[in-house]
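None of the figures in this text is laboratory data; all of them are computed from the coordinates on show. Predicted, not measured: the structure shown is a model, and the values here were computed from it. Here Cβ is always computed from backbone atoms with ideal geometry, including for glycine, and neighbour counts include all displayed protein chains.
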Amino acid sequence: MNLPANHLKKVNQRIKEAIKQTNRPADSVRLIAVSKTKPAADVEQVYEAGQFDFGENYLQEAVDKINTLQHLAEIKWHFIGAIQSNKTRPIAENFDWVHSVDRLKIAKRLSEQRSAEQAPLNICLQVNISNEENKAGISLAEVPELAREVSQLNNIRLRGLMAIPLKTTDSSEQHHYFKQLKDCLDALNDEGLQLDTLSMGMSNDMEAAIDEGATMIRIGTAIFGERSTK
Ligand SMILES: *Cc1c(COP(=O)(O)O)cnc(C)c1O
C-alpha cells in the first residue's frame, strides 16, 4: 500500500544500508520526517509507526499541527524553514530544535523568548555550503564567529550545523559539499566547542550525507510523497 507508514519502513531500510557502508554505529543517524504541506493525519500515522521527530518549514502551518497533535507524547518538532525576526516567539515556545539559524539577532531572540522552565532549545547554524545566491545560510568563513557567539547564549544550546547543498544527482559533488560541512564541524570542535550534530541529507542525497557523517537527515518526499507546490 502506498502509505507514508510504508514509505517510512523503506527509508529506515535505506538508512540502515547506508550506515552499514560506514563504520558508524547503527543508531548514529536520526531521521527527521519533513511533514511540511502534509496533513496532521499523515504525521500521526507515521508517528504510530514509530517515527517521533518531525520537521516543518512554515510557522503557522507548523503551530496548527503542533496544537492538533499535542496528544502524541513522544513527538519532537524541528523548525527547518526561513525565520523572520518578528516571528521567533512561537518558534522558541513550540519547538525542540531549530536547524535554520543564520544570524545572531535570531539566536538572541530565541534565547530571550525560550522559557528557562523548558529544556534548552537545540540550535543548528545553517550554512550555504554551495554559495548559492538565493539560498539562506552563512558562508563557511562566517561559521566560527557566529558559532562562538551563539554558544554563549542562555536557554538555547548550539548543537551543530545544517546545510541544503546545491541539488545535484552527481554523487561525487554531493560528497564534496557534505564533507565541507563535516570538516567545518570538526574544526569548531578542535577549537573547543562541543558540537554533535550534522543536519544534512534529504530524499535524494541521504546516502552521501550519511557516508560523510550526517547525524540527522531530513526526509520529506520519500516518506510523505511529492508535495504540491506551495
Ligand atoms: C523540504 C525540506 C526537506 C525535505 O526534502 P525532501 O527532498 O522532500 O526529502 C529537508 N530539509 C529542508 C530544509 C527542507 O526545506
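Only residues that are away from the ligand (no atom under 16 Å from the Cβ), part of a helix (DSSP H, G or I) and closer than 24 Å to LEU104 by Cβ: list them for segment 154-181, please. GLN180 - this is the single residue of segment 154-181 that is away from the ligand (no atom under 16 Å from the Cβ), part of a helix (DSSP H, G or I) and closer than 24 Å to LEU104 by Cβ. If you go through segment 150-165 and keep only what is surrounded by fewer than 15 Cβ atoms within 10 Å (Cβ to Cβ) and either over 24 Å from ALA92 (Cα atoms) or in contact with a Lys or Arg (Cβ under 9 Å, 6 or more places away or on another chain) (or both), you end up with just ASN154. Looking across segment 30-56 at every residue that is part of a strand (DSSP E or B) and aliphatic (A, V, I, L, M), the one that is farthest from ASN67 (Cα to Cα) is identified as LEU31.
I need a count of the residues in segment 58-103 that are among the hydroxyl-bearing types (Ser, Thr, Tyr) and within 18 Å of ALA33 (Cβ to Cβ). Spell out the reasoning first.
Keep residues of segment 58-103 that are among the hydroxyl-bearing types (Ser, Thr, Tyr), which gives 58, 68, 85, 88, 100.
With within 18 Å of ALA33 (Cβ to Cβ) added as a condition, the list becomes 58, 68, 100.
Residues flagged as among the hydroxyl-bearing types (Ser, Thr, Tyr) and within 18 Å of ALA33 (Cβ to Cβ) within segment 58-103 amount to 3.
Contact map, segment 35-64: residues that are under 18 Å from GLN13 (Cα atoms) and in contact (Cβ under 8 Å) with a residue 40 or more places away in the chain paired with residues that are crowded, with 22+ Cβ neighbours inside 10 Å and among the aromatic types (Phe, Trp, Tyr), Cβ distance under 8 Å, separation 6+ or inter-chain. Pairs shown: VAL46/PHE54; VAL46/PHE224.
Whenever a residue of segment 190-214 is at positive phi, its partners that are part of a loop (DSSP other than H, G, I, E, B) and within 13 Å of the ligand (Cβ to nearest atom), lying with C-beta atoms within less than 7 angstrom and at least six residues away or across chains, give the pairs GLY201/ALA214.
Selection of first residues in segment 71-84 that are free of Cβ contacts under 8 Å to residues at least 40 places away in the same chain and within 11 Å of TYR58 (Cβ to Cβ) and of second residues that are part of a loop (DSSP other than H, G, I, E, B) and near the ligand (Cβ under 10 Å from one of its atoms), restricted to Cβ pairs under 9 Å at least 6 apart or on distinct chains, gives the following pairs, ordered by first then second residue: PHE79/ASN57.
Given the condition within 14 Å of the ligand (Cβ to nearest atom), buried (at least 17 other Cβ atoms within 10 Å of the Cβ) and assigned to a helix (DSSP H, G or I), answer yes or no: does some residue in segment 82-97 qualify? No: zero hits.
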